[in-house]
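Q: My questions all concern the structure below.
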Amino acid sequence: MKDTVTNEPRLARPSAFASGVPRNADLPLTPQPSPGRGSVAFDLPGVYVGTAEYAEGPTGCTVIHVPAGARTAVDARGGAVGMSGGYEFNHAICLAGGSVYGLSAAAGVSDELLARRENRVRWDDLQLVSGAVIYDFPARDTAVYPDGELGRAALRNAVEGEFPVGRCGAGRTASAGKVEFGRAEFAGQGAASGTFGEVKVLVATVVNAVGAVMGRDGRIMRGNYHAEEGVRRHPSADYAEAIGNPAPAVMGNTTLTVMLTNVRLTDVELLQIGRQVHSSMHRGIQPFHTLTDGDVLFAMTTDEVDLVGVKPTGLGTLASEVAWDAILSAVE
């Protein structure tokens, strides 16, 4: 399957992975705003989203803050998951670059929430934060990672009802389509929302996948770009040609997703809907959940309205379409 390029390629230059490159302690880092190319509005009162970045990386983080808290189910797939917390109830989710080092950004979010609670540490005052990371080092020549200060900054930047999209936050240096990294293109973070009567769904995703991003018409939208032909190819064609030849170096990856709804669901229903949506995302990312991906989906509910007229499977079907829109939003 081939796709003639209809938009300019956004090739990600491979890192040299040189020793001695700067890390956080070597630079006077200052958190910067990370607005991306714009934002997607969503109607879920009480949900706040903030981003911040270190331009010196470049790398960043994204925080989804629900001050009242939200029940959460986690679906983690692939062979390289980087996650902290994984709680069944969260006040915030922190998504970050920097691979395992970027998990410290979630600790910064926790510290900021503790300060907002005036350092109260009664059991019912504890603020729960889960985090997950992408491996974004292959597209840059630094060892800079999102740390606690950047996590705090992203939370402080959070606003209600707006999700920044594009090359921002955790998606600042995300890339997709890495059969060989020289064919990868920059991706980013995307979001989409849907309203179905009283039912509301927000899906946001940071696309940093091995796979290429697929459009609804079957075209490859980002990734696996062959410059000599001026086309993006489906990864299966390259893998078929590669059988019996030396394997190219494989870079780390990962797609991180948050699905948030206002529907009251049992714990089992919430988990199964999360799994359904996560599984559906293979339509927009091919291949998905690979050995070198650490794909994580946080399914969250604010428990505000009952689901009437359809079963949870129906809600999962609707949310799956929103998820595909979010994937496409990440690579525009």
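Q: List the helices (runs of 4 or more DSSP H) that sit entirely inside the range 221-332 and contain at least 3 residues that are buried (at least 23 other Cβ atoms within 10 Å of the Cβ) and not polar (S, T, N, Q).
A: Values: elements: 235-242, 267-280, 312-330.
It comes to 267-280, 312-330.
Q: Against the condition among the acidic types (Asp, Glu), closer than 30 Å to TYR225 by Cα and at pLDDT 95 or above, how does GLU185 come out, does it pass?
A: So GLU185 fits the description; yes.
Q: Mind listing just one residue for me: the one in the range 36-75 that is surrounded by 21 or more Cβ atoms within 10 Å (Cβ to Cβ) and of a type in the set (Ser, Thr, Tyr) and, of those, farthest from ILE134 (Cα to Cα)?
A: THR72
Q: Still on this structure: Scan the range 17-29 and give yes if some residue there is surrounded by fewer than 20 Cβ atoms within 10 Å (Cβ to Cβ), of a type in the set (A, V, I, L, M), touching a helix residue (DSSP H, G or I) at 6+ places or on another chain (Cβ under 9 Å) and outside any loop (DSSP other than H, G, I, E, B), otherwise no.
A: no
Q: What is the one condition in (1) surrounded by fewer than 24 Cβ atoms within 10 Å (Cβ to Cβ); (2) more than 19 Å from GLY57 (Cβ to Cβ) that VAL129 does not satisfy?
A: Result: VAL129 fails condition (1) only.
Q: Separate question: Quick check on GLY102: is it in contact with a helix residue (DSSP H, G or I) (Cβ under 6 Å, 6 or more places away or on another chain), surrounded by 23 or more Cβ atoms within 10 Å (Cβ to Cβ) and outside any strand (DSSP E or B)?
A: no
Q: Say whether the condition of being under 30 Å from ASP306 (Cβ atoms) and touching a residue at least 12 places away in the same chain (Cβ under 8 Å) is met by at least one residue in the range 172-190.
A: Yes: the range 172-190 contains one or more residues that are under 30 Å from ASP306 (Cβ atoms) and touching a residue at least 12 places away in the same chain (Cβ under 8 Å).
Q: On to the next question. Return the residues of the range 289-320 that are under 30 Å from GLY177 (Cβ atoms) and not aliphatic (A, V, I, L, M); say none if nothing qualifies.
A: The answer is HIS289, THR290, THR292, ASP293, GLY294, ASP295, PHE298, GLY316, THR317, SER320.
Q: Mind listing just one residue for me: the one in the range 190-201 that is more than 19 Å from SER279 (Cβ to Cβ) and among the aliphatic types (A, V, I, L, M) and, of those, farthest from the chain's Cα centre (by Cα)?
A: Taking the candidates together, the pick is VAL199.
Q: Right, another one. Does PHE181 qualify as being under 22 Å from SER329 (Cβ atoms), more than 13 Å from the chain's Cα centre (by Cα), of a type outside the set (A, V, I, L, M) and surrounded by fewer than 22 Cβ atoms within 10 Å (Cβ to Cβ)?
A: So PHE181 does not fit the description; no.
Q: Give the range 200-220 a look and list any residue that's small (Gly, Ala, Ser) and surrounded by 11 or more Cβ atoms within 10 Å (Cβ to Cβ), or say none. Spell out the reasoning first.
A: Within the range 200-220, the subset small (Gly, Ala, Ser) is 204, 209, 211-212, 215, 218.
Matches in the range 200-220: ALA204, ALA209, GLY211, ALA212, GLY215.
Q: If you go through the range 127-176 one residue at a time, how many are outside any loop (DSSP other than H, G, I, E, B), under 25 Å from GLY194 (Cβ atoms) and not small (Gly, Ala, Ser)?
A: Here the count works out to 6.
The values are calculated or read from the model by the stated rules, or taken from the named source; none is laboratory data. Remember, predicted model here, so these are calculated numbers, not experimental data. FYI the Cβ positions are ideal-geometry reconstructions off the backbone, even for glycines, and counts take in every protein chain you see.
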